[in-house]
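**Student:** I am attaching a structure below and will ask some questions about it afterwards.
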Amino acid sequence: MSKCRVCEGEVRKFFDFGKQPLSDTFLTEQESGEAYHFRLAVGLCTRCTMVQLLEEVPRDRMFHHDYPYHSSGSRRMREHFAQTARDLLATELTGEDPFCVEIGSNDGVMLGVIKDAGVRHLGVEPSGGVAELARKDGVRVRTDFFEETTARLIAGEDGPADVIYAANTICHIPYLDSIFRGVDALLRPGGVFVFEDPYLGDIVERNTFDQIYDEHFFLFTARSVRGVAHRFGFELVDVHRLPVHGGEVRYTIARRGERAPSPAVPALIAEETSRGLAELGTLEKLGDGIDRICADLVALLRDLRGRGLSVAGYGATAKSATVTNYAGIGPDLLPCVYDTTPAKIGRLMPGSRIPIRSAEEFGRPYPDYAVLFAWNHTEEILAKEEEFAAQGGRWIVYVPEVRVL
Ligand code: SAH
Ligand code: TYD
Ligand code: ZN
């Protein structure tokens with residue numbers, strides 16, 4: 001039996017991917033195949049309804065100087081974060097000398113806009129390489145993990161924050177107790193803690209099981225977030241569904257009693273209840289979809305290869321590690337994956353050891369088929385690579401089901 005990271009209740013497993021490699025560790029050909037593996041299994045807390053991984057990977061193994069993910073790699077995400085910054089500037093950062101802290105600021109994609117507006121800010125980012133990129137853009141960053149001790153140090157040096165913001169980061173952090181105590185130590189009275197992460201409701205609805213990997217320790221719902229906030233003296237006061245990364249929710253949290261909750265909060269929780277999102281039976285059904293998708297994808301790739309057609313992957317996403325390793329897709333079925341990230345190009349996909357090539361080489365020559373691993377950037381990539389389809393290339397997507405576009 002596994003214990004809940006939030007409430008110590010019993011976590012019941014609903015899917016087990018077996019041993020998996022770290023999704024953002026891209027080795028070179030020379031490095032041995034004996035990479036670190038952990039057991040990727042996911043369960044539901046029967047007490048507080050938090051969906052979480054059963055095994056935790058030590059944080060320094062995932063987030064270190066060479067963490068390869070760059071937030072600015074997508075035009076759409078750059079626009080999303082610029083809009084987010086403008087919204088925060090217009091609504092929460094309006095007082096005298098406001099201060100905005102971002103947890104997991106990565107390459108500074110959001111804080112850069114806050115900086116350009118001349119507003120006091122600080123990114124807290126443990127991955128030194130991306131933190132350095134943000135600094136080069138003039139963004140103030142502390143290379144550190146956000147937790148209670150860091151938050152107290154920041155409060156001492158910079159004073160209280162009006163907004164503490166995080167995107168695609170809080171779900172990466174098993175130690176939510178330390179996060180909430182840190183937020184409590186740093187947040188000004190009346191301030192807000194705003195974070196957005198992949199939404200369990202969208203994962204279930206669209207079969208996007210590849211959102212499950214080492215870094216995504218929690219898969220949140222409004223109900224589970226309301227519960228954890230409440231434990232630490234906070235209240236979930238607003239929720240907004242976001243279309244990015246295949247469906248996310250932005251949660252706004254304030255100290256209990258400070259702000260009137262929006263009707264959107266009980267409405268989303270009621271919807272979650274009617275969809276059975278906190279019931280083991282609903283989540284177990286996700287497993288049927290996972291096995292079907294993986295079997296269909298392998299069958300399609302085998303068929304194409306058997307007919308002498310060429311196939312490649314597009315987007316060396318963290319998500320794709322779950323797909324390739326669980327389905328058993330290696331270089332024999334998929335000889336290479338194209339990607340734009342400098343730190344991934346020339347290296348190997350984790351576990352499957354499929355070589356990664358620069359996206360600039362995609363058309364030299366185009367493969368007959370391309371598996372769109374970066375399905376969350378479909379619109380952007382199909383527009384950018386329109387020549388591929390124009391000359392007869394076909395895209396393969398695998399969520400919510402395997403389909404040739
Ligand atoms: N906010 C960006 C980055 C998301 S990737 C975006 O949405 O695109 C997650 C980031 O969280 C990584 O850059 C990682 O280094 C950082 N991170 C992980 N644990 C953290 C912690 N405890 N405190 C601050 N950042 C953390
Ligand atoms: P993303 O899906 O954002 O995240 P994760 O790794 O968390 O699953 O990763 C997108 C990947 O796709 C990243 O490695 C960059 C790559 N990419 C391209 O190669 N071309 C593009 O046009 C875009 C938008 C992304
Ligand atoms: Zn729990």
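The values are calculated or read from the model by the stated rules, or taken from the named source; none is laboratory data. As the structure is a computational prediction, the values presented were derived from the model and not from experiment. FYI the Cβ positions are ideal-geometry reconstructions off the backbone, even for glycines, and counts take in every protein chain you see. SASA here: full protein model, heavy atoms, side chains in, ligands and nucleic acids out. Shrake-Rupley method; radii C 1.70, N 1.55, O 1.52, S 1.80 Å.
**Student:** Sort largest first and round to whole Å: the equivalent ellipsoid semi-axes of region 282-404, each the square root of five times a Cα gyration tensor eigenvalue.
**Tutor:** Sorted largest first and rounded, they come to 22, 16, 15 Å.
**Student:** Work out, step by step, the length gained on full extension between Asp116 and Val397: first 0.36 nm times the residue separation, then minus their alpha carbon distance; give nm to one decimal.
**Tutor:** 97.3 nm
**Student:** Would you calculate the volume per residue, in Å³, of the smallest convex hull containing every Cα atom of the chain?
**Tutor:** Given the Cα convex hull of the chain, per-residue volume reads 136 Å³.
**Student:** I would also like to ask the following. Taking every pair of alpha-carbon atoms in region 2-54, give the share separated by more than 15 Å as a whole percent.
**Tutor:** For region 2-54, the share of Cα pairs beyond 15 Å comes to 55 percent.
**Student:** Still on this structure: In the chain, which cysteines lack any other cysteine Cβ under 4.7 Å from their own?
**Tutor:** Cys100, Cys171, Cys294, Cys336
**Student:** Give a residue-ordered list of calculated ³J(HN,Hα) values for region 137-149 (Karplus: 6.51 cos²θ - 1.76 cosθ + 1.60, θ = phi - 60°; whole Hz; x for Gly, Pro).
**Tutor:** Taking θ as phi minus 60°, the curve returns 8, x, 8, 7, 9, 9, 7, 6, 7, 6, 6, 4, 5 Hz for region 137-149.
**Student:** Roughly how far apart, in whole Å, are the Cα centres of region 102-130 and region 354-405?
**Tutor:** 31
**Student:** Now for a different question. Once R0 is set to 51 Å, what does the formula 1/(1 + (r/R0)^6) return for the Cβ-Cβ distance between Ala270 and Glu29, expressed as a FRET efficiency to the nearest 0.05?
**Tutor:** E(calc), rounded to 0.05, equals 0.45.
**Student:** Starting from the Cα of Ala383, step 7 Å along the direction of its Cβ; do the same at Ala90; then give the gap between the two resulting points in nm.
**Tutor:** It is 2.1 nm.
**Student:** Okay, next question. Which pairs in the list Lys19/Lys344; Lys285/Lys344; Lys13/Lys344 are over 25 Å apart, alpha-carbon to alpha-carbon?
**Tutor:** Beyond 25 Å: Lys285/Lys344; Lys13/Lys344.
**Student:** Next up: With contacts defined as alpha carbon pairs under 8 Å and 6 or more residues apart, what's the relative contact order of region 2-54 in percent?
**Tutor:** Rounded, it is 44 percent for region 2-54.
**Student:** Next question. Between Leu309 and Arg256, how many nm apart are label points set 7 Å from Cα along the C-beta direction?
**Tutor:** 5.8
**Student:** Using only alpha carbon pairs under 8 Å that are at least six residues apart, calculate the relative contact order of region 226-360 and give it in whole percent.
**Tutor:** Over region 226-360, the number comes to 14 percent.
**Student:** Consider a paramagnetic label point 7 Å from the Cα of Glu10 along Cα→Cβ; state which residues of region 280-322 have an amide N under 14 Å from it.
**Tutor:** 280
**Student:** Something else: How much accessible area per residue does region 21-100 have, in Å², with a 1.4 Å probe?
**Tutor:** Result: 50 Å² of accessible area for each residue.
**Student:** Which whole-number percent of Cα pairs in region 102-223 have a distance greater than 18 Å?
**Tutor:** Summing the P(r) tail past 18 Å for region 102-223 gives 54 percent.
**Student:** Can you tell which of Gly118, Gly128, Gly247 shows the greatest fluctuation in a Gaussian network model of the chain with Cα springs below 10 Å?
**Tutor:** Per the Cα network of the chain with a 10 Å cutoff, Gly118 tops the list.
**Student:** 5 Å is the cut-off here: which amide hydrogens, built 1.01 Å from N in the peptide plane, fall below it relative to Glu102, excluding neighbours closer than 5 in sequence?
**Tutor:** Hits under the 5 Å cutoff: Leu122, Gly123, Val124, Tyr165.
**Student:** Here is a further query. For region 282-404, which whole percent of the accessible surface, found with a 1.4 angstrom probe, sits on carbon and sulfur atoms?
**Tutor:** Result for region 282-404: 46 percent of the exposed heavy-atom area is carbon or sulfur.
**Student:** Averaging sequence separations of C-alpha pairs under 8 Å and six or more residues apart, then dividing by the length of region 31-70, give the relative contact order as a whole percent.
**Tutor:** 28
**Student:** For the charge dipole of the chain, defined by +1 on Lys and Arg C-beta atoms and -1 on Asp and Glu C-beta atoms about the Cα centroid, which residue among Val130, Cys336, Val101 has the Cα displaced farthest towards the positive pole?
**Tutor:** Cys336
**Student:** State in Å² the accessible area per residue of region 282-404; use a 1.4 Å probe, count heavy atoms of protein chains only, and round to the nearest integer.
**Tutor:** I get 42 Å² per residue for region 282-404.
**Student:** Cα centroid distance between region 137-169 and region 27-91, in Å?
**Tutor:** Centre-to-centre (Cα) distance: 18 Å.
**Student:** Further question: Would you calculate a helix-derived [θ] at 222 nm for the chain, using -39,500 (n - 2.57) for each DSSP H run of n ≥ 4 and dividing by the full residue count, to the nearest 500?
**Tutor:** Helices in the chain give a 222 nm mean residue ellipticity of -10000 deg cm²/dmol.
**Student:** Right, next: Quick check: residue separation of Arg78 and Thr46 times 0.36 nm, minus the Cα distance between them. What number comes out in nm?
**Tutor:** The span from Arg78 to Thr46 would gain 7.7 nm if fully extended.
**Student:** Right, next: Hey, in the GNM for the chain with a 10 angstrom Cα cutoff, which one of Ala222, Ala383, Ala85 fluctuates hardest?
**Tutor:** For the chain, modelled as a Gaussian network with Cα springs under 10 Å, the answer is Ala383.
**Student:** Any lysines with Cα under 25 Å of the Lys115 Cα? List them, leaving off those in the same chain fewer than 8 positions away.
**Tutor:** List returned: Lys136.
**Student:** Same structure again: Need the full-extension length gain, Ala390 to Glu132, defined as separation in residues times 0.36 nm minus the C-alpha distance. One decimal, nm.
**Tutor:** 88.9 nm
**Student:** Of the DSSP beta bridges with both residues in the chain, give the percent that are antiparallel, rounding to the nearest 5.
**Tutor:** Here the share of antiparallel DSSP bridges comes out near 50 percent.
**Student:** Can you pull the percent of Cα pairs in region 1-128 with separation above 20 Å?
**Tutor:** 63
**Student:** Aspartates and glutamates within cross-link reach of Lys384: Cα-Cα under 12 Å, excluding same-chain residues under 8 positions apart?
**Tutor:** Straight-line reach from Lys384, under 12 Å: Glu360.
**Student:** So, one more: Relative to the longest principal axis of the chain, what angle (0 to 90°, nearest 10) does the C-alpha long axis of helix 264-274 take?
**Tutor:** 50
**Student:** Further question: What nm value, rounded to one decimal, do you get for the distance between Arg188 and Leu405 when each label is placed 7 Å out toward the C-beta?
**Tutor:** My value for the distance between the label points is 4.4 nm.
**Student:** Right, next: Using a Gaussian network for the chain with springs between C-alpha atoms less than 10 Å apart, which of these wobbles most: Gly190, Gly328, Gly363?
**Tutor:** Gly363
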